[in-house]
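Bear in mind that the values in this text are calculations on the coordinates, not laboratory data. Just so it is clear, the structure is predicted and the values come from calculations on it, not from any experiment. Here the Cβ is made from the backbone with ideal geometry for all residues, glycine too, and neighbour counts use every protein chain on show.
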Amino acid sequence: MKSMHERAGGFTLVELLVCLSLIGILLGIALPAYQEHIQRVRRVEAQKSLVELAQSLERFYTSRGTYVGATLPFEQSPREAGKAFYRLGFASGPDELGYVLQAEPVGAMAGDICGPLTLASSGLRGSATERCW
């Protein structure tokens, strides 16, 4: 016969609440860090796309001696069809002297702290904050 002081198997309510509290705290720390990481990855993808577009425009310039008439081979990042996080296009140009490409955040990235990313034919990079490029 079991005495009253022997515990039955399982968890007490207090142990369960402590465990759930710890899980909540860990999620509260990990989830924002994960979301920030995802935003950085999407931003880097947009930067990569801007560089690819700039290379395409430089090949156009090399063969024709002007940027006038140049078009972009793709207009969203990521490049594949599907959900776009950045819309790519010209902020200015293309003209005889150069161009400025722009990646405008859309969808899940619309509220990004960095705002639009730009890349000029001169190599000048721009964004709302310095740490974004």
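Taking the number of Cβ atoms within 10 Å of each Cβ as an exposure proxy, the fewest-first ranking of Leu117, Leu53 is Leu53, Leu117. In region 93-133, the ratio of gyration radius to Kirkwood radius, Rg to Rh, stands at 1.05 when only Cα atoms are counted. Amide H of Gln76: which non-local residues (sequence gap of 5 or more, or other chain) have their own amide H closer than 5 Å, using H built in the peptide plane? The list, which skips near neighbours in sequence, is Leu88. A helix-only calculation puts the chain at -14500 deg cm²/dmol for mean residue ellipticity at 222 nm, using -39500 (n - 2.57) for each DSSP H run of at least four residues, averaged over all residues.
The C-alpha atoms of the chain define a longest principal axis, and helix 13-64 lies at about 10 degrees to it. When the Cα atoms of the chain are aligned to their principal axes, the ranges along those axes come out at 96, 29, 20 Å in descending order. Calculate the FRET efficiency for Val100 and Ala33 from the Cβ-Cβ distance with a Förster distance of 41 Å, rounded to the nearest 0.05. Taking R0 as 41 Å, the efficiency between Val100 and Ala33 is 0.80. Taking the number of Cβ atoms within 10 Å of each Cβ as an exposure proxy, the fewest-first ranking of Leu57, Leu13 is Leu13, Leu57.
Taking 20 Å as the cut-off, the amide N atoms of region 18-57 that come nearer than this to a point 7 Å along the Cα-to-beta-carbon line of Ala110 belong to 35-36, 38-40, 42-43, 46. Distance between the 7 Å Cα→Cβ label points at Lys48 and Ser21: 4.4 nm.
Only Lys, Arg, Asp and Glu carry charge here, each on its Cβ (+1 for the first two, -1 for the last two); on that basis region 69-117 has a dipole of about 200 debye about its Cα centre. Between the listed residues Tyr86, His37, Thr66, the Cα displaced farthest toward the positive end of the dipole of region 1-110, a dipole computed from Cβ unit charges relative to the Cα centre, is found at His37.
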